[in-house]
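Colleague: Once you've had a glance at the structure underneath, I'll fire off some questions.
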Amino acid sequence: MSKPIEQAIVRIQNSEGRVFGAGFLVSCNQILTCAHVVADSLKIPRETQELPDLTVLLDFPLLEKKSLSSLSIVRYWDPKSDIALLEILEDAPEGAIPIELAEVNDYSYCNFGVCGFPNDIGDWTYGKMLGKTELGYIQVEAETAHRIQGGYSGGPVWHRDEEKLAGMVVASDEDLPKDKIAYIIPVSTLLNALPHYLKKTSQSPAPLMYACFISFPVDSINSLIRTAAQEIQEDLEFEISAQLKNKSVLANTTRTARELCESACMIMLYTYRYFDSDDPLCAQEFHAMSLLEQTRLQELNVRSTKETSFIIPIVIRGIDKFPKEIDASHPVYDFVKYFMLSSGERRRRRDYRKDIEEIARHIVGQCKRLEQNIHNPCGNCADFELPKEQDVQHLIRNLAPNWVF
């Protein structure tokens, strides 16, 4: 067995020392394991949907220098896919080495090895990977006397032919104790689930490029929308530049997914046409930023509130039709009254300047929070993509204004 897997394996346990499964180090302080292992150790239902806010106890039993148990918190939680990401409250102990997550070329009848904890001291199993199943798991079969069983879940499965991680143990049939078949989540699934959570230890931190990204309907005819976007950009940038260095506000008509990802916050410049079926770009940007917001809140370990939101709706038309679902969890600003005035009148109003200052403070606070608490907030922005048009049709159907005559 290759050395790195031994230096990455952890035991998941409770305060009484009972072991519930395994996990493995994937960065200086991040652990991948199964959600059901964490749920069992915390004595909560496996189907719990809300991110657990309890600490999880773990240790590195295979290190040459024995380590003390470490406390960790849950950073990512998906009970449906049975994936959880833990973060140790301090760096991993001396001697621990993360396992690199990299795509596997072949699973068909390849050799594997895995360590689990059906007992406290650990147990090794070797065998063959047989191929993918309908659920996307890789079916494996043990060739040793000991089979994969309870206590192996969350354990890293080592691809002995390619010398890399093959995946993570997720299930075996406990009703058939003589059956040596088990199932693993392939590394590709782990990578797809966690692109914005995993810290890349080999990559230098990439700072946020923009303080804010302004999302607005792109309409060359409607000068109100373009004027509002331009003036709000200028006014916010004036306030933000006094507090942050080298952070601009982006309000281009040609915007990219990468630029959205590289922004701390997004201004949702709302009009009646924001969720327009003929132009779904705004719906795509809103959905993309909502996903980023969810990811960032989980990484920061804070709940979704108006104070922690990374999306700031500014309404310039249609306050009566603004979606209640968005209003409930985001700080909404009614600018309709301001954009009934000329530019000069608007900027002379004390309440307008106060709102701009408040929005700027919110953006600056969120920008600093991200850069101070997330190791690499833009580490995966180059690969970030907007959702496809078909993936935002539910937003257009449910959030577009409902006109009743």
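Colleague: Do we have ASP278 as without any contact (Cβ under 8 Å) to a residue 24 or more places away in the chain, more than 20 Å from the chain's Cα centre (by Cα) and either in a strand (DSSP E or B) or closer than 21 Å to ASP355 by Cβ (or both) here? Before the answer, list the steps.
Modeller: Numbers: without any contact (Cβ under 8 Å) to a residue 24 or more places away in the chain: yes; more than 20 Å from the chain's Cα centre (by Cα): yes; either in a strand (DSSP E or B) or closer than 21 Å to ASP355 by Cβ (or both): no.
Considered against the rule, which asks whether it is without any contact (Cβ under 8 Å) to a residue 24 or more places away in the chain, more than 20 Å from the chain's Cα centre (by Cα) and either in a strand (DSSP E or B) or closer than 21 Å to ASP355 by Cβ (or both), ASP278 comes out as no.
Colleague: Working only within segment 90-118, note down all residues that are of a type in the set (Gly, Ala, Ser) and either part of a strand (DSSP E or B) or touching a Ser or Thr at 6+ places or on another chain (Cβ under 6 Å) (or both).
Modeller: GLY113, GLY116
Colleague: Taking ILE214, is it assigned by TED's automatic domain parsing to the domain that holds ASN380, closer than 21 Å to ILE396 by Cα and crowded, with 17+ Cβ neighbours inside 10 Å? Steps first, please.
Modeller: Values: assigned by TED's automatic domain parsing to the domain that holds ASN380: yes; closer than 21 Å to ILE396 by Cα: yes; crowded, with 17+ Cβ neighbours inside 10 Å: yes.
Yes.
Colleague: Can you name the residue in segment 253-265 that is hydrophobic (A, V, I, L, M, F, W, C) and out of contact with any Asp or Glu (no Cβ under 7 Å at 6 or more places or on another chain) and is also surrounded by the most Cβ atoms within 10 Å (Cβ to Cβ) among such residues? Can you show your working first?
Modeller: Pass one, segment 253-265, residues hydrophobic (A, V, I, L, M, F, W, C): 257, 260-261, 264-265.
Filter once more, keeping what is out of contact with any Asp or Glu (no Cβ under 7 Å at 6 or more places or on another chain): 261, 264-265.
Details: CYS261: 25, ALA264: 26, CYS265: 28.
Looking at the filtered set, the residue picked out is CYS265.
Colleague: Going through ARG369, ARG346, ARG350 one at a time, which residue ends up being at pLDDT 90 or above, over 21 Å from SER309 (Cα atoms) and in contact with a helix residue (DSSP H, G or I) (Cβ under 7 Å, 6 or more places away or on another chain)?
Modeller: On the way: ARG369 fails: over 21 Å from SER309 (Cα atoms); ARG350 fails: in contact with a helix residue (DSSP H, G or I) (Cβ under 7 Å, 6 or more places away or on another chain).
Result of the check over ARG369, ARG346, ARG350: ARG346.
The values are calculated or read from the model by the stated rules, or taken from the named source; none is laboratory data. This structure is a prediction, so every number in the text was calculated from the model and none was measured. In this analysis, Cβ positions are derived from the backbone assuming ideal geometry, glycine residues included, and neighbour counts consider all displayed protein chains.
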